[in-house]
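The values are calculated or read from the model by the stated rules, or taken from the named source; none is laboratory data. Computed from a predicted structure; not experimentally measured. With ideal geometry, Cβ positions are generated from the backbone for all residues, glycine too; neighbour counts draw on all protein chains shown.
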């Protein structure tokens with residue numbers, strides 16, 4: 001498995017813009033360009049990107065556009081859902097050929113998908129590609145087949161590079177750091193927990209809200225690295241407030257409403273999701289205004 005050294009960054013979980021039921025490639029490229037300007041990296045096919053609604057050809061096309069746009073200036077990570085795709089090892093190879101630098105394996109939310117099947121799928125994917133493989137790790141009650149012993153075994157066998165965490169358990173997080181060392185990468189996938197994760201020594205985070213405020217998200221990392229505690233706290237508080245507002249609706253729906261207001265996309269979503277009604281949209285736009293002001297200030301500072 002090849003090694004990517006710098007994971008101490010922001011990875012934006014890109015939404016997938018649609019128009020007339022199809023991927024809006026022009027809008028998606030604009031989103032990628034904005035991430036490159038902010039020096040954040042790209043995540044394709046997550047829940048925020050409505051990954052479960054995407055066909056294999058659509059997922060591959062998004063990876064190709066992201067790779068062509070980034071021109072190796074940013075990392076491209078792609079989700080690989082084991083419940084949606086039967087030939088996961090074949091699709092993994094196609095995603096890597098299309099330009100993905102690493103894959104995030106999402107295991108089914110089902111107890112019928114046992115530990116042996118989970119390990120077998122991860123092993124096949126890891127052996128099929130010469131790129132880092134991450135495993136999405138959520139609530140243990142929903143995914144009982146992912147144990148700490150299994151994580152350690154997969155890592156020591158060079159089958160996975162780390163975890164994408166949907167929640168932060170400080171005890172288990174610290175234990176993994178202690179036992180597996182700094183080369184074991186743990187990324188958080190919740191904007192509300194990003195500051196805690198960074199302060200605890202986490203390598204980076206996957207940010208939904210980076211779609212609309214990538215520079216502010218990147219600045220959270222840089223202010224911590226520069227020991228600018230005051231600005232770090234300011235960004236943290238606004239980020240948490242904005243993220244809570246997004247999570248009051250479906251984040252993907254909320255983000256698309258904001259992007260529609262910005263003129264980047266038309267706000268379309270795929271079933272079973274539904275667009276926000278006008279009152280909820282106005283409330284959300286007001287809630288994220290402070291974060292967007294920070295993002296604009298960060299842009300002026302960089303320019």
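Quick one: residue 198 ticks every box in (1) touching a helix residue (DSSP H, G or I) at 6+ places or on another chain (Cβ under 6 Å); (2) within 23 Å of residue 45 (Cβ to Cβ) bar one, so which box is it?
The number of the failed condition is (2).
Being closer than 26 Å to residue 237 by Cβ and part of a helix (DSSP H, G or I): is that true of residue 187 here?
For residue 187, the condition - closer than 26 Å to residue 237 by Cβ and part of a helix (DSSP H, G or I) - is not met.
Within segment 255-279, take every residue that is modelled with pLDDT of 90 or more and assigned to a helix (DSSP H, G or I) and give me the one that is nearest to the chain's Cα centre (by Cα).
Looking at the filtered set, the residue picked out is 255.
Does at least one position in segment 43-54 carry a residue that is without any contact (Cβ under 8 Å) to a residue 60 or more places away in the chain, surrounded by 18 or more Cβ atoms within 10 Å (Cβ to Cβ), in contact with a helix residue (DSSP H, G or I) (Cβ under 7 Å, 6 or more places away or on another chain) and not in a helix (DSSP H, G or I)?
Scanning segment 43-54 turns up at least one residue that is without any contact (Cβ under 8 Å) to a residue 60 or more places away in the chain, surrounded by 18 or more Cβ atoms within 10 Å (Cβ to Cβ), in contact with a helix residue (DSSP H, G or I) (Cβ under 7 Å, 6 or more places away or on another chain) and not in a helix (DSSP H, G or I).
Of all residues in segment 83-106 being assigned to a loop (DSSP other than H, G, I, E, B) and at pLDDT 85 or above, which is nearest to residue 187 (Cα to Cα)?
So in segment 83-106, the residues assigned to a loop (DSSP other than H, G, I, E, B) come out as 83-87, 99-101.
In the following step, the residues that additionally are at pLDDT 85 or above were identified as 99-101.
Numbers: 99: 21, 100: 17, 101: 15 Å.
For segment 83-106, the residue satisfying everything is 101.
Considering only residues of segment 272-296 that are over 20 Å from residue 31 (Cβ atoms) and touching a residue at least 12 places away in the same chain (Cβ under 8 Å), which is surrounded by the fewest Cβ atoms within 10 Å (Cβ to Cβ)?
274
Which is surrounded by 15 or more Cβ atoms within 10 Å (Cβ to Cβ), on the phi < 0 side of the Ramachandran plot, at pLDDT 95 or above and assigned to a helix (DSSP H, G or I), of 27, 78?
27
Pick from 207, 242: which is in contact with a helix residue (DSSP H, G or I) (Cβ under 6 Å, 6 or more places away or on another chain), without any contact (Cβ under 8 Å) to a residue 60 or more places away in the chain, surrounded by 18 or more Cβ atoms within 10 Å (Cβ to Cβ) and within 22 Å of residue 164 (Cα to Cα)?
One residue alone meets the criteria, 242.
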